[in-house]
């Protein structure tokens, strides 16, 4: 058991390093790549070898605190202000901010994750085109329970930051999905909540060297 726990911890540390140094964004990708460095992937995928996303995030936050303690507040503030811009722009689709920019665990290559709600994806597409905004579309298949569901994703870019918009139907707005990291209902923030988070961070005293 101690050996398994050690491997699990080492994989979590390696996955976090990959996310930090090689800018891998997805926990799953970093986890699989890290696991391959400790032996055949087939065996490591069994049992309790693979760490949870929460364990990897904890290690990633440790690296950020160790190497970028001074940069983190400025980076997070910049990303949250940019996220607020798009929450306000996309207000007709009653958007939420989710993911790392909300949780605060951001790296140099973190993107902004938004959930939008519309009767048809074309509503969002026409909205963006009418405003002359460049974007890309992708159909993403995810597993929900025992079935697979397709969701449209729209990607924008601003100041070198990717804004990923997942499009859901309007009736899904009150269904809170579970976080792939904590397993609990996903934390979400509308524009009002994000403004309060930004204001609170600005009110905190700056750390001096």
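The values are calculated or read from the model by the stated rules, or taken from the named source; none is laboratory data. Source: prediction; values computed, not measured. With ideal geometry, Cβ positions are generated from the backbone for all residues, glycine too; neighbour counts draw on all protein chains shown.
Taken over the stretch 22-39, the criterion of being part of a loop (DSSP other than H, G, I, E, B) and within 20 Å of residue 107 (Cα to Cα) is satisfied by 22, 23, 24, 25, 26.
If I filter the stretch 176-191 for residues that are out of contact with any helix residue (DSSP H, G or I) (no Cβ under 8 Å at 6 or more places or on another chain) and over 28 Å from residue 27 (Cβ atoms), do I get at least one hit? No: the stretch 176-191 contains no residue that is out of contact with any helix residue (DSSP H, G or I) (no Cβ under 8 Å at 6 or more places or on another chain) and over 28 Å from residue 27 (Cβ atoms).
In the stretch 90-100 there is at least one residue that is assigned to a loop (DSSP other than H, G, I, E, B), assigned by TED's automatic domain parsing to the domain that holds residue 197, over 13 Å from residue 194 (Cα atoms) and more than 16 Å from the chain's Cα centre (by Cα).
Filtering the stretch 177-189 to residues that are modelled with pLDDT under 90 and either surrounded by 14 or more Cβ atoms within 10 Å (Cβ to Cβ) or assigned to a loop (DSSP other than H, G, I, E, B) (or both) leaves 177, 179, 180, 181, 182, 183, 184. Here the condition is being at pLDDT below 95, over 23 Å from residue 56 (Cβ atoms) and in a strand (DSSP E or B); of 139, 116, it holds for 139 alone. Residues in the stretch 6-16 that are in contact (Cβ under 8 Å) with a residue 40 or more places away in the chain and out of contact with any helix residue (DSSP H, G or I) (no Cβ under 7 Å at 6 or more places or on another chain): 7, 8, 9. Checking the structure you have, find out if any residue of the stretch 142-149 is surrounded by 13 or more Cβ atoms within 10 Å (Cβ to Cβ) and not assigned by TED's automatic domain parsing to the domain that holds residue 20. Checked the stretch 142-149: no residue is surrounded by 13 or more Cβ atoms within 10 Å (Cβ to Cβ) and not assigned by TED's automatic domain parsing to the domain that holds residue 20.
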